[in-house]
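A.B. asks: Have a look at this one.
The values are calculated or read from the model by the stated rules, or taken from the named source; none is laboratory data. On a predicted model such as this, the values are computed, not experimentally measured, just so you know. FYI the Cβ positions are ideal-geometry reconstructions off the backbone, even for glycines, and counts take in every protein chain you see. These accessible areas exclude ligands, DNA and RNA; they are computed on the full protein's heavy atoms, side chains included. Shrake-Rupley method; radii C 1.70, N 1.55, O 1.52, S 1.80 Å.
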Amino acid sequence: MKPFKILSLDGGGSWALIQIRVLQKLFGKTVSGHAVLQNFDMAVANSGGSLALAAMANGYDLESIAQILLNSEKRNSVFSKLDFFEKSLLTKILNFFKIGPKYSAERKLTSLNNILENISKIDITQVPSFIGKSELRIIICTYDYERNRASFFRSDSNSLSETVNIEKKWGIKPEGKFRSCTLVEAVHAASNAPLNYFDKPAKFKTKSNGKLENIEKYYWDGAVAGNNNPVHVAVIEAVNNGIKPDDIQILSLGTGSVVLPIETDPQNPVKAEYPFLVQKRVKQKFKDDMLKMTVSILSDPPDSASYIAYTMLNAQLEPDKKVKFIRANPIIQPVFNSETQIWESPKGFSKEQLKNIINLDMDATKQEDIELIDLLSEKYLNNEVLNQPIRMGSGKMNCLIGQRNWNEVLQLWNSF
């Protein structure tokens with residue numbers, strides 16, 4: 001059987017630059033986005049990854065997409081900061097404690113339509129044909145604000161993952177309709193992270209069975225529903241629509257993860273080259289809990305979504321089964337030196353650079369921060385930074401399932 005190839009793109013704001021650098025390494029620095037997408041049968045994305053996907057669908061070449069993220073004017077038009085008079089009194093109080101919205105959702109949509117002008121008027125169902133591969137299935141992950149659940153915009157109106165199509169197959173007359181919108185609107189919804197980032201839900205009128213509705217629908221980032229890493233969504237979509245698990249090949253691209261050893265016993269401190277390489281146990285505080293919860297929805301534990309998808313392809317966890325599942329994502333973590341029993345910093349970073357990147361937020365907008373993310377990409381592709389496992393082992397943050405470094409990623413990719 002012909003392999004069914006999936007491209008999955010995590011959320012992560014400006015950190016999506018990492019995904020573009022990985023694709024450049026695999027396909028070429030200036031290859032067109034259309035040419036990249038034509039290599040896949042399905043593309044699923046959330047948040048920053050959905051912007052990368054849409055930029056490819058728009059027809060930009062990969063280096064032009066990288067420059068969108070590196071260009072401060074374009075980047076700041078997406079992350080458009082609220083001015084003093086746009087903030088409510090509550091927001092001003094929350095901002096004092098480093099909590100609460102910082103960016104305008106309305107200006108983001110305007111900016112996305114300007115940046116993605118070639119597809120700004122095109123319904124998501126028509127985008128595959130615009131790309132030059134009508135059978136390509138595109139899925140954008142969002143969260144329905146009013147219904148409080150995951151919501152997906154698909155290019156395939158006949159997908160069996162759509163409730164109305166399940167009902168038709170089971171002989172039930174559907175009361176619902178297939179909902180669609182432009183790809184740009186779907187990206188706006190998928191990239192609209194709440195609480196600590198954007199001030200309002202994404203708002204726009206969707207189409208029901210191709211007809212524009214009278215009222216606006218409200219959406220948040222798909223991460224709210226646990227789909228920041230959407231690879232499991234893609235596998236479910238493929239299997240629901242008749243693709244055999246053994247025929248599925250996955251390229252899942254992350255946007256960087258930080259994993260530090262945790263000091264659970266202060267009486268027995270973890271030894272590290274620098275103190276910030278260890279996550280210290282701290283006293284629980286309400287303010288810290290609030291901050292932690294506002295960003296937790298965007299987290300992607302190494303053994304969560306990727307592992308769910310992996311087990312669908314290797315349900316019995318057979319060690320010798322050749323599962324063609326690439327999880328390519330630089331993981332920022334110290335390396336354990338078994339001789340000295342000390343956690344050491346990864347290669348290629350100064351102490352200050354390493355400390356900054358560990359503490360860097362998803363919505364990095366400063367030029368020096370974006371350049372630091374680009375440096376991380378470079379170090380990762382030179383095998384100086386480890387790759388995120390699909391499942392970590394019980395040892396010193398070792399790789400049990402997946403690829404340990406870029407060389408192993410490339411080796412598996414060449415077998416696709």
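A.B. asks: Suppose only helical runs count, i.e. DSSP H with n ≥ 4. What mean residue ellipticity at 222 nm does that imply for the chain under -39500 (n - 2.57) per run, divided by all residues and rounded to the nearest 500 deg cm²/dmol?
C.D. replies: -10000 deg cm²/dmol
A.B. asks: Report, as a whole number in µm² per second, the diffusion coefficient that Stokes-Einstein gives for the chain at 10 °C and 1.306 mPa s using the Kirkwood radius over alpha carbon pairs.
C.D. replies: 72 µm²/s
A.B. asks: Counting only heavy atoms of protein chains, what accessible area per residue, in Å², does region 165-205 have with a probe of 1.4 Å?
C.D. replies: 47 Å²
A.B. asks: Still on this structure, I have one more. Gain in length, N114 to S72, computed as 0.36 nm per residue apart minus the alpha-carbon separation, to one decimal in nm?
C.D. replies: The span from N114 to S72 would gain 13.6 nm if fully extended.
A.B. asks: So for the chain, averaging the separation of alpha carbon pairs under 8 Å that are six or more residues apart and normalising by length, what relative contact order in percent results?
C.D. replies: 19 percent
A.B. asks: Another one. For region 55-173, with all protein chains present and a 1.4 Å probe, just round the carbon and sulfur fraction of the accessible area to a whole percent.
C.D. replies: Here carbon and sulfur together make up 52 percent of the probe-accessible area.
A.B. asks: Another question, if that's okay. Using the Cα centre of the chain as the reference point, and only Cβ charges (+1 on K/R, -1 on D/E), how large is the resulting charge dipole? Debye, rounded to the nearest 20.
C.D. replies: So the dipole magnitude of the chain works out to roughly 600 debye.
A.B. asks: Using a probe of 1.4 angstrom, how much of the accessible area of region 366-416 is carbon and sulfur, in percent?
C.D. replies: Carbon plus sulfur share of accessible area: 44 percent.
A.B. asks: Then there is this: Name the GluC sites (Glu not before Pro) in region 319-382 that are in a loop by DSSP and that have at most 15 other C-beta atoms within 10 Å, would you?
C.D. replies: Listed in order of number, the matching sites are E339.
A.B. asks: Okay, moving on. Please state the relative contact order of region 1-100 as a whole percent: Cα pairs under 8 Å, 6+ residues apart?
C.D. replies: 30 percent
A.B. asks: Keeping every protein chain in place, order D374, D320 by accessible area at 1.4 Å, biggest value first, i.e. largest first.
C.D. replies: The ranking, largest first, comes out as D320, D374.
A.B. asks: Next question, about the same structure. Let me understand region 368-416 better: what is its radius of gyration from the alpha carbons, and its Dmax, in angstrom?
C.D. replies: According to the Cα coordinates of region 368-416, Rg and Dmax are 12.6, 37 Å.
A.B. asks: Hey, can you find the accessible area per residue of region 15-156 for me, probe 1.4 Å, expressed in square angstrom?
C.D. replies: That works out to 42 Å² for each residue.
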